[in-house]
Amino acid sequence: MRTIGELASAFGMQPSALRYYERLGLLHSSRRSDGGRVYDSAGERRLAFIRLGQQAGLSLEEIESMLVGSESGPWRPSAQRRLVSIKEQLLSLEEAQDVLERALSCPDEHPLEMCKHAQRKVDAVLSHLPPPARTPRQMPSHPEAASKDRSQTARGPA
């Protein structure tokens, strides 16, 4: 058994967080004769699960749903969405790692100009950009057309 202070300290938390989890029904304590809160191993395990869920990016509501549990619980869709998000983040981080590792392995001090890999990465990014928007001044293709449009606007419609 651990006191609220001991358990909070073991998890690097403040005791107020454990009291909050109790108010939400996520965590349960026993009372000592002096009124202090103590937690058994089941409480420790629940707190460990809560922390793991938070680290995975789940809300306390989603964690509560998982703690209540059911075979087709409402927590499954949100856990699936979070898993997809984490996988996307991992891919992005792996790409970032690859860029940095290759930039650091480039012997030149200017990877953008000298490193073929960096140039390929930049080209790949640029290939996904939408084309630039055309401004009204760019529309006419011939100077005569532009002056004709201006003279008609000044005179009004024919």
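Under 6 Å between Cβ atoms, which residue pairs at least 6 apart in sequence (or on different chains) link something in the range 54-82 that is in the same structural domain as Arg23 (by TED's automatic domain parsing) and charged (D, E, K, R) with a partner that is modelled with pLDDT of 85 or more and in a loop (DSSP other than H, G, I, E, B)?
Final answer for the pair search is Glu64/Leu26.
In the set Ala118, Ala146, which member is modelled with pLDDT under 75, in contact with a Lys or Arg (Cβ under 9 Å, 6 or more places away or on another chain) and small (Gly, Ala, Ser)?
Exactly one of Ala118, Ala146 is modelled with pLDDT under 75, in contact with a Lys or Arg (Cβ under 9 Å, 6 or more places away or on another chain) and small (Gly, Ala, Ser), namely Ala146.
Which count do you get for residues in the range 121-132 that are in a loop (DSSP other than H, G, I, E, B) and modelled with pLDDT under 85?
The total comes to 0.
For Arg51, which of the numbered conditions (1) surrounded by 13 or more Cβ atoms within 10 Å (Cβ to Cβ); (2) touching a helix residue (DSSP H, G or I) at 6+ places or on another chain (Cβ under 9 Å) fails to hold?
(2)
Among residues belonging to the range 90-112 that are at pLDDT below 80 and within 16 Å of Ala124 (Cα to Cα), point out the one that is surrounded by the fewest Cβ atoms within 10 Å (Cβ to Cβ).
Leu112
For the range 74-91, check the following and say yes or no: at least one residue is assigned to a strand (DSSP E or B) and within 30 Å of Gln14 (Cα to Cα).
No, the conditions are met nowhere in the range 74-91.
I need the full set of residues from the range 43-94 which are in contact with an Asp or Glu (Cβ under 6 Å, 6 or more places away or on another chain) and either under 30 Å from Arg2 (Cβ atoms) or among the basic types (Lys, Arg) (or both), in order please.
Trp75
Consider only pairs whose beta carbons are under 7 Å apart and that are at least six residues apart or on different chains; among these, list those whose first residue lies in the range 109-126 and is assigned by TED's automatic domain parsing to the domain that holds Glu95 and whose second residue is assigned to a loop (DSSP other than H, G, I, E, B) and surrounded by 13 or more Cβ atoms within 10 Å (Cβ to Cβ).
These pairs meet every condition: Met114/Cys106; Cys115/Cys106; Ala118/Cys106.
Which pairs do you get when a residue that is over 19 Å from Glu64 (Cα atoms), found in the range 4-27, comes within reach of a residue that is among the β-branched types (Val, Ile, Thr) and at pLDDT below 95, reach meaning Cβ atoms under 8 angstrom, with the pair 6+ apart or on two chains?
Pairs found: Ile4/Val38; Pro15/Ile4.
Take the range 25-48 and flag every residue that is of a type outside the set (D, E, K, R) and surrounded by 13 or more Cβ atoms within 10 Å (Cβ to Cβ).
Leu26, Leu27, His28, Ser29, Val38, Tyr39, Gly43, Leu47
Would you mention how many residues in the range 1-16 are surrounded by 15 or more Cβ atoms within 10 Å (Cβ to Cβ) and in a helix (DSSP H, G or I)?
Number of matching residues: 4.
Looking at the structure I just gave you, is Glu71 in a helix (DSSP H, G or I), exposed (fewer than 10 other Cβ atoms within 10 Å of the Cβ) and either on the phi > 0 side of the Ramachandran plot or modelled with pLDDT under 80 (or both)?
For Glu71, the condition - in a helix (DSSP H, G or I), exposed (fewer than 10 other Cβ atoms within 10 Å of the Cβ) and either on the phi > 0 side of the Ramachandran plot or modelled with pLDDT under 80 (or both) - is not met.
The values are calculated or read from the model by the stated rules, or taken from the named source; none is laboratory data. Computed from a predicted model, the values in this text were never measured in an experiment. Please note: Cβ atoms are built from the backbone with ideal geometry, for glycine as well, and neighbour counts cover all protein chains shown.
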